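This report concerns only the one structure given below.
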Amino acid sequence: SFGFYQSKPSTAFSPVAVTPDALGAAWDGRKMHGPVLTHVNDEKLGDPDAGDDMYFDFAQLIAHAAKTRPLCAGTIVGSGTVSNRDRTRGSCCLAEVRTIETIEKGAPETPFLSFGDTVRIEMLDEGGNSIFGAIDQKVVRYTPPR
């Protein structure tokens, strides 16, 4: 059972949706493989492989979500944050990096995001082309509408 999947808030999505058949060898029928490149302020946070160490494949995620709601054409199903057992690959999740630092060093060294910080997340194909387009965001102070 993985009810945590149903507790995730809405999030940012890449600008392009791609069907599995367009992924070629990167799609194994249940998972997508390839590095997820994540940078904070142009410094690499990680490049873990999306399919390696993925606990629930997309068939399982879809089946679980469909137990409690109708899923229609156009439904987007996300797999959650990407990380690998091989810590040299880094992470795609700042909270995970800080947690690992706390476990290993007693306190986190990586700061939380601050105003002005940028985050870029992207997957490239074997030719170096962006598969989905990049999520490229900057942390800005909220200004309420007048």
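Checked against (1) free of Cβ contacts under 8 Å to residues at least 12 places away in the same chain; (2) closer than 27 Å to V16 by Cβ; (3) loosely packed, with under 10 Cβ neighbours inside 10 Å, A66 meets all criteria but (3). Residues of the range 120-140 being in a loop (DSSP other than H, G, I, E, B) and not polar (S, T, N, Q), which ones? Within the range 120-140, D125, E126, G127, G128, I131, F132, G133, A134, V139, V140 qualify. The set of residues in the range 56-110 being under 16 Å from the mean Cα position of the chain (by Cα) and more than 21 Å from L45 (Cβ to Cβ) consists of F56, D57, F58, L61, I76, V77. Only one of the numbered conditions (1) surrounded by 12 or more Cβ atoms within 10 Å (Cβ to Cβ); (2) over 23 Å from F13 (Cα atoms) is not met by T88, and that is (1).
Looking at T143, T110, T88, which one is part of a loop (DSSP other than H, G, I, E, B), of a type in the set (V, I, T) and out of contact with any Asp or Glu (no Cβ under 7 Å at 6 or more places or on another chain)? Step by step, each of T143, T110, T88 is checked, and only T143 is part of a loop (DSSP other than H, G, I, E, B), of a type in the set (V, I, T) and out of contact with any Asp or Glu (no Cβ under 7 Å at 6 or more places or on another chain). Within the range 119-146, residues that are within 29 Å of A22 (Cβ to Cβ) sit with their Cβ atoms under 8 Å from residues that are of a type in the set (F, W, Y) and at pLDDT below 95, at 6+ positions apart or across chains, in these pairs: E122/F132; M123/F132; I135/F13. Residues in the range 41-63 that are assigned to a loop (DSSP other than H, G, I, E, B) and either without any contact (Cβ under 8 Å) to a residue 60 or more places away in the chain or among the aliphatic types (A, V, I, L, M) (or both): D47, P48, A50, G51, D52, D53, M54, Y55, F56, D57. Among the numbered conditions (1) more than 21 Å from K138 (Cβ to Cβ); (2) crowded, with 16+ Cβ neighbours inside 10 Å; (3) of a type in the set (S, T, Y), the only one that T38 does not meet is (1). Restricting attention to the range 93-119, the residues being under 29 Å from M32 (Cα atoms), surrounded by 15 or more Cβ atoms within 10 Å (Cβ to Cβ) and touching a Ser or Thr at 6+ places or on another chain (Cβ under 7 Å) number 5.
The values are calculated or read from the model by the stated rules, or taken from the named source; none is laboratory data. Model, not experiment: these values are computed from the prediction. Please note: Cβ atoms are built from the backbone with ideal geometry, for glycine as well, and neighbour counts cover all protein chains shown.
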